[in-house]
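Asker: My structure is below; once you've seen it, I'll send some questions.
The values are calculated or read from the model by the stated rules, or taken from the named source; none is laboratory data. This one's a predicted model, so the numbers in the text were calculated from it and none came from an experiment. Please note: Cβ atoms are built from the backbone with ideal geometry, for glycine as well, and neighbour counts cover all protein chains shown.
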Amino acid sequence: MAEGGKPDAQLFQLLSNLLQQVESLSNQEEVELRAKIQALGLEVTKVPSKPSEDIGELEIAAELDKLSAKLDDVDKMISSTMAEDPQVRSLLSSTSDVWMPVITASADQRRGFTAGTSSEGGQKEE
């Protein structure tokens, strides 16, 4: 996983490869999973807009509360899946060098992701 390139591109290449493996093993097209991966790609490359005026502390606190709730939901999903399936735990551990930089990226780093995905389309159709 030590390839060069943008962290989000590495992550979505990994997800694409895993999806192809799942589809070939199950002999079924995973339309819903593919859609979720695409939605995740859009979410990861979102860059917070720069406010034209100062945001109040209450607005910032409300946004942070929303983000914390989303993170709690994701944490619960990941934790329960890891507890239920040792293969998932192993996969997440062995690929953390790919997905951690993407989910911990700052707004400036996300802007760099967005610059790369706008010309590439962020996905490959086969």
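Asker: What's the total number of residues in the stretch 86-105 that are surrounded by fewer than 12 Cβ atoms within 10 Å (Cβ to Cβ) and more than 14 Å from the chain's Cα centre (by Cα)?
Answerer: So the answer is 5.
Asker: Still on this structure, I have one more. I'd like to verify a number: residues in the stretch 37-86 that are part of a helix (DSSP H, G or I), without any contact (Cβ under 8 Å) to a residue 24 or more places away in the chain and polar (S, T, N, Q), how many?
Answerer: Going through the stretch 37-86 one residue at a time, the tally reaches 4.
Asker: Any residue in the stretch 90-118 that's at pLDDT 75 or above: show its pairings with residues that are part of a helix (DSSP H, G or I) and among the aliphatic types (A, V, I, L, M) at Cβ separation under 7 Å, as long as the two are six or more apart or on different chains.
Answerer: From residues that are at pLDDT 75 or above, the pairs are L92/M82; T95/L14; V98/L11; V98/L14; W99/L11; V102/L11; V102/V44.
Asker: Still on this structure, please answer the following. Kindly list the number of the only condition in (1) in a loop (DSSP other than H, G, I, E, B); (2) under 23 Å from P7 (Cα atoms); (3) without any contact (Cβ under 8 Å) to a residue 24 or more places away in the chain that fails for L33.
Answerer: Just one mismatch for L33, condition (1).
Asker: While we're here: Please go through (1) of a type in the set (V, I, T); (2) closer than 16 Å to V98 by Cα; (3) loosely packed, with under 10 Cβ neighbours inside 10 Å for V44 and return the number of the only condition it doesn't satisfy.
Answerer: Unmet condition: (3).
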